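First up is the structure itself, then whatever we jot down about it.
The values are calculated or read from the model by the stated rules, or taken from the named source; none is laboratory data. What you are looking at is a predicted structure, and each value in this text was computed from that prediction instead of being measured. We place every Cβ from the backbone using ideal geometry, glycine too, and count neighbours over all the protein chains shown. Accessible surface areas use protein heavy atoms only, side chains included; no ligands, DNA or RNA. Shrake-Rupley method; radii C 1.70, N 1.55, O 1.52, S 1.80 Å.
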Amino acid sequence: MKRALVVVEGTEATKELIREAGELAAGVGAELFLVHVTTKEAFSEYATSMADIPERDVGYSTERAREGARQFATDVGDEVFAGLDVEYEAIGALGDKEEQILDIAYERDCDHIFINGRKRSPTGKAIFGDLAQSVLLKFDGTVTITTH
């Protein structure tokens, strides 16, 4: 492992995954990237709610959304790695989660992705899709998936 990407969400299971990935990356001297992706749906909802504030002229741009996602990844990383000697770069993205995760992994020349999956039945995966499964099938490197 030379460069690893960890998909950041706000769950305790994801925090455990980040900690394990960070310790592994630090142990082998690999670069570590933490990425949080804001979906277009979440962006649209937040932008609409910001526009509904009558006293303020507050816009919520795509750049602010990416920066907010990057800050979220930074905050989670700082919390998880407090007291540990783990270096990482936080990345914020906006758009389709699968597409953004894979694009960033390839842009950063990552050879390993860590992602938290959902416990779903095979039927549930077929009907609703599964982000972790899709990343696993499309990434040309190692993918570590945890389910909690």
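Remark: spin-label model distance ASP103-ASP85 equals 3.7 nm, labels positioned 7 Å along the Cα→Cβ axis. Counting charges near GLU31 (Lys, Arg +1; Asp, Glu -1) among other residues having Cβ under 15 Å from its Cβ returns a value of -4.
Of the listed residues ARG3, ARG64, the order by accessible area with a 1.4 Å probe, largest first, is ARG64, ARG3. The HN-Hα couplings worked out from phi for the range 71-86 by the Karplus form 6.51 cos²θ - 1.76 cosθ + 1.60 (θ = phi - 60°) are 5, 4, 4, 5, 4, 5, x, 4, 5, 5, 9, 4, x, 10, 9, 10 Hz, whole numbers, x standing for Gly and Pro. If you plug the beta carbon distance of LYS40 and LYS2 into 1/(1 + (r/R0)^6) with R0 = 25 Å, you get a FRET efficiency near 0.20. Amide H to amide H distances under 5 Å link LEU32 with ALA4, GLU89, where only residues 5 or more positions off or on other chains count and H is placed in the peptide plane.
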